[in-house]
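Have a look at the structure below before the remarks.
Where a number appears in this text, it was derived from the coordinates with a stated rule and is not lab data. Computed from a predicted structure; not experimentally measured. Using ideal geometry, Cβ is built from the backbone for each residue, glycine included, and neighbour counts are taken over all protein chains shown.
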Amino acid sequence: MDDDLALFRPEAWFRAGRGPRYEQLYRHLSAAIAAGELAPETQLPPERDLALIADVSRVTVRKAVSQLVAEGLLEQRRGAGSFVRAPQPKLEHSLSALLSFTEYMRQRGKTSSSRILRRGIFLPTPDEMMALGLSPGDRVARVERLRFADDTPLALEWSSLPTDILPEPEAVETSLYDVLRGMGRAPTRAVQRITAVNLTAADAKLLQLPEGAAVLRIDRTAYLPTGRPIEFTRGLYRSDIYDFIAELRLDAP
């Protein structure tokens, strides 16, 4: 038993001057999982016990474990504890193709669904005015959704369109692009900006992640063939599940 706990003792992971204890403990456990020292389905000691073994506070343990959960390395099971997760294949999403979330999931044989959080006609925000070329007196159709694949929450998306493009946002249930295509108003190109952000408490609860977990934020502005911008979508995507892939080619001299 003592041999099993040696991995968690401070002499195994703590080094003075190498950063906060929670960060050192997180890095140590992450490396142990990657090296197979903590195999899939291994249960970590309970929080109180782990704090005693590692000679740290329970807050330190909680912060380290939360980061491992956010990265998909640990799974917290209600009433059972924290377990090492088996490696999960990530969903690779190409940045070179303009696909909706629904279309992307269809290609991968997954069932997509959405929970509508809010939709309607609103005054535009400064970001929406800039992206869509609107004035303060205009109105914007907005659809806010929690997106699922096979019942797993993957993304939060806030989509905004001019009201002449989407006069009835209530028509959007799962696929915005299916609705636009049916009206002959689907975009043909888009510009995307990707950044890393930390989740607020409210967004983390919806995505079933710890508060402050790192996710990918994508701002997308989509255009008609005429060059008119008609869609601005801001999405938060789980970085433990998503990989965004871009193919680069060397231009001919």
Enclosed volume per residue, in Å³, of the convex hull spanned by Cα atoms of region 135-214: 146 Å³
For peptides 75-86, 133-144, sequence by mean Cβ density within 10 Å, most packed first: 133-144, 75-86
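Fully extended, how many nm does the chain gain between Ser57 and Phe83 (0.36 nm per residue separation, minus their Cα-Cα distance)? Let's see the in-between values first.
Details: separation 26, 0.36 × 26 = 9.36 nm, distance 2.02 nm.
So the chain would gain 7.3 nm between Ser57 and Phe83.
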Isotropically averaged projected area of region 1-61, using the convex hull of Cα atoms (one quarter of hull area), nm²: 4.1 nm²
Whether region 113-253 is rounded, prolate or oblate, judged on the alpha carbon gyration tensor where a/c under 1.5 counts as rounded: oblate
Under 5 Å, built H, 5+ apart or other chain: amide partners of Ile230: Ala222, Tyr223, Leu224
